[in-house]
1. Residue by residue through the stretch 63-94, note down the ones that are among the acidic types (Asp, Glu) and at pLDDT below 95.
2. Output the residues belonging to the stretch 58-88 that are open to solvent by less than 50 Å² (accessible area, probe 1.4 Å) and on the phi > 0 side of the Ramachandran plot.
3. Return the only residue of 101, 62 being out of contact with any His (no Cβ under 8 Å at 6 or more places or on another chain) and under 28 Å from residue 151 (Cα atoms).
Amino acid sequence: MNLKAIAALSSLLALTAQVACTSPSKSNPTPSDSSDTTKAGAPVKVDAKLGEDQARVSLRFDAPATDVKVSLSGVDGLEVKSSATPVSGGSFTPDAVSEFDVSFTPGEGQSHLVVTVTGDFRGAHLSRVFSFAVGTPTAAQQKTEGTTVTGDDGQPIKVMPSSDAE
């Protein structure tokens, strides 16, 4: 073999090795309605009618669901007083609605009630998290660090500085 053939062969082998080490990209699952910009997750909608220290939470299932667990928690000082797991091991048909009352002690200023729904939907274990603001932000809460920008969907996004923790 001459030097040109050896150089061409080694170049070809190098290219083949790169192709062999890569895999085709995989896309994330998206909702069936291409106009829907929500993240893929459990096909459930959650709404909460909030009072000063209680809420009426309503779940609507868009698909059959089994082994459903609903967990409640608080952020920014909100403390859930009622059961932290009002649904455990539940099964629901499409369009089924489940409602329950939640009692809580709100945090200072604005705090959040967090509702997490997990379960098996059409053979896939999925979850979705919903957050509901309670109260009015204090002056200190309104002066948080960061910059607010608007996302493609028109929702405000807070860009926070990273910390250099060591």
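1. Passing the criteria: only 76.
2. none
3. Just a single option satisfies the conditions, and that option is 62.
The values are calculated or read from the model by the stated rules, or taken from the named source; none is laboratory data. Just so it is clear, the structure is predicted and the values come from calculations on it, not from any experiment. With ideal geometry, Cβ positions are generated from the backbone for all residues, glycine too; neighbour counts draw on all protein chains shown. When the accessible area is computed, the model is the full protein with side chains, heavy atoms only, and any ligands, DNA or RNA have been set aside. Shrake-Rupley method; radii C 1.70, N 1.55, O 1.52, S 1.80 Å.
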